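J.: Quick one: structure below, then a few questions.
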Amino acid sequence: MQLSIVSTLNESKYNQEEIIKKFSAVCYFLKPLDYDGVELSLLEPEKIDVKQINEIKDSYELEIPALGTGNTFIRFGYSLGHIDESIRRKAIERVEKYVEFAREVQSKVIIGLIRGRYTFESSQKKEKINIKSSLKECCRLAENNNVELLFEPINRFEIDSYNTISESVELIKEIGSNNLRLLVDSYHIYLEEDPGFIWDYLEEIAHYVSHIHLADCTRRAPGTGHFDFRTFLNIFKNAGYNGFASIETIMKPSFEEVARESSEYLRSIL
Ligand code: LER
Ligand code: MN
């Protein structure tokens, strides 16, 4: 299993030179810690010089396994499940930008918080219908660009629908696109799934999984809480999963400290 960690590039605030400097510094720091990749949480991927990013990641022999898109909802307020068609359109247009960037850097695009939350004039039922129709369009974009989308079940405190893995697998089956796969996040599993059944269920659906997020039950570095990472990761190892497990935590006390601690702990159990 390959290891990565989430980083930002602040591309909306930084100029090109600063963006490239930041990416180089992150790669330089992660490589000796035995990382295989860096997952990027972006807002405006079209502002980034993709050629330079490729040169740097190749020179460090690192991958960019996935692109986080949640900032589209957090910062712009665009979402795939929004009641207003024009807002959904904006979100799909943003997904296209991520897909184009992903195509160039051989990455995958996460469909998580970008699904949004419903407002009082909507409902969970309407939201799910809107997410489904937007997602079908996103799948077409992904198929045309040979990019994979990663559907991420997210806990009920952050999002209003598709909180569990089983609901998400049902949706993936219904949409039926080869370019739509599942992302499982240990933190959301801890909050949403039944501990009595989850391990058996993960074995059953492991073949849908194309990316993994890791955070402990406090959303701090893996190994600092009581989530059973050994059992969790072994399920995927035994299922022949050779994708990435990516650390996505609260970066406290610092990104550097979390990266160091997590790599040490995970390499000892992987
Ligand atoms: C995104 O990957 C995620 O897990 C959400 O909870 C947003 O942080
Ligand atoms: Mn996640």
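Since every read-out is calculated from the coordinates, none of them should be taken as a lab result. Keep in mind it's a predicted model, so treat the numbers as computed, not measured. All Cβ positions, glycine included, derive from the backbone under ideal geometry; neighbour counts span all protein chains shown.
J.: With θ taken as phi - 60° and the coefficients 6.51, -1.76 and 1.60, list the Karplus ³J(HN,Hα) couplings across region 220-225 in order, rounded to whole Hz; mark glycine and proline as x.
T.: So the J values, rounded to whole Hz, are 9, 3, x, x, 8, x.
J.: Report, as a whole number in µm² per second, the diffusion coefficient that Stokes-Einstein gives for the chain at 10 °C and 1.306 mPa s using the Kirkwood radius over alpha carbon pairs. Write down the numbers at each step before the final one.
T.: Values: Rh = 18.7 Å.
Result for D is 85 µm²/s.
J.: What is the extension gain from residue 31 to residue 197, computed as 0.36 nm multiplied by their sequence separation minus the C-alpha to C-alpha distance, in nm to one decimal? Write down the numbers at each step before the final one.
T.: Working: separation 166, 0.36 × 166 = 59.76 nm, distance 3.70 nm.
56.1 nm is the gain from fully extending residue 31 to residue 197.
J.: Name all residues of region 46-83 having a backbone nitrogen under 16 Å from the label point set 7 Å from the Cα of residue 15 along its Cα→Cβ direction, giving them as ranges.
T.: The answer is 48-49.
J.: Estimate the FRET efficiency between residue 238 and residue 41 by the formula 1/(1 + (r/R0)^6), using the beta-carbon distance for r and 25 Å for R0, to the nearest 0.05.
T.: Values: r = 30 Å, r/R0 = 1.19.
The formula returns an efficiency of 0.25 here.
J.: For Cα pairs less than 8 Å apart in space and 6+ apart in sequence, what is the mean separation divided by the residue count of region 1-44, i.e. the relative contact order in percent? Working shown, then result.
T.: Working: 43 pairs, mean separation 29.3, N = 44.
After rounding, I find 67 percent.
J.: Could I ask something else about it? Can you give the translational diffusion coefficient of region 218-270 in µm²/s, computed by Stokes-Einstein from the Kirkwood radius over Cα pairs at 4 °C and 1.567 mPa s? The partial results should precede the final answer.
T.: Numbers: Rh = 11.7 Å.
Diffusion coefficient, whole number: 111 µm²/s.
J.: Let me ask something else. As a quick test, which of the pairs 51/252; 57/128; 125/173 have an alpha carbon distance above 28 angstrom in this structure?
T.: Exceeds cut-off: 51/252; 57/128.
J.: Kyte-Doolittle cut-off -0.5, length cut-off 18 Å along the helix's own axis using Cα: show which whole DSSP H helices in the chain pass. Write out the running numbers ahead of the final one.
T.: Numbers: long enough: 16-30 (21 Å, 0.43); 85-105 (30 Å, -0.83); 124-145 (31 Å, -1.21); 255-269 (21 Å, -0.64).
Once both thresholds are applied, what remains is 16-30.
J.: Measuring from label point to label point, each 7 Å out along Cα→Cβ, what is the residue 49 to residue 104 span in nm?
T.: Roughly 1.1 nm, to one decimal.
J.: Here is a follow-up. Over the Cα atoms of region 91-172, how large are the radius of gyration and the largest Cα-Cα distance (Dmax), in Å?
T.: 12.9, 39
J.: Now for a different question. When averaged across all projection directions, what area in nm² does the alpha-carbon convex hull of region 2-124 cover?
T.: Details: hull surface 31.3 nm².
For region 2-124, the mean projected area of the Cα convex hull comes to 7.8 nm².
J.: Additional query: How much length, in nm to one decimal, is gained on full extension between residue 140 and residue 217, taken as 0.36 nm per residue of separation minus their Cα-Cα distance? Please report the intermediate quantities before stating the final value.
T.: Numbers: separation 77, 0.36 × 77 = 27.72 nm, distance 3.54 nm.
Full extension of this stretch gives 24.2 nm more.
J.: Using Cα springs under 10 Å in a Gaussian network model of the chain, which residue among 102, 206, 215 shows the largest mean-square fluctuation?
T.: Maximum fluctuation in the GNM of the chain, among the listed residues, is at 206.
J.: Which distance in Å, rounded to a whole number, links the C-alpha centroids of region 31-96 and region 124-139?
T.: Region 31-96 and region 124-139 have Cα centres spaced 20 Å from each other.
J.: With contacts defined as alpha carbon pairs under 8 Å and 6 or more residues apart, what's the relative contact order of the chain in percent?
T.: Reported relative contact order: 17 percent.
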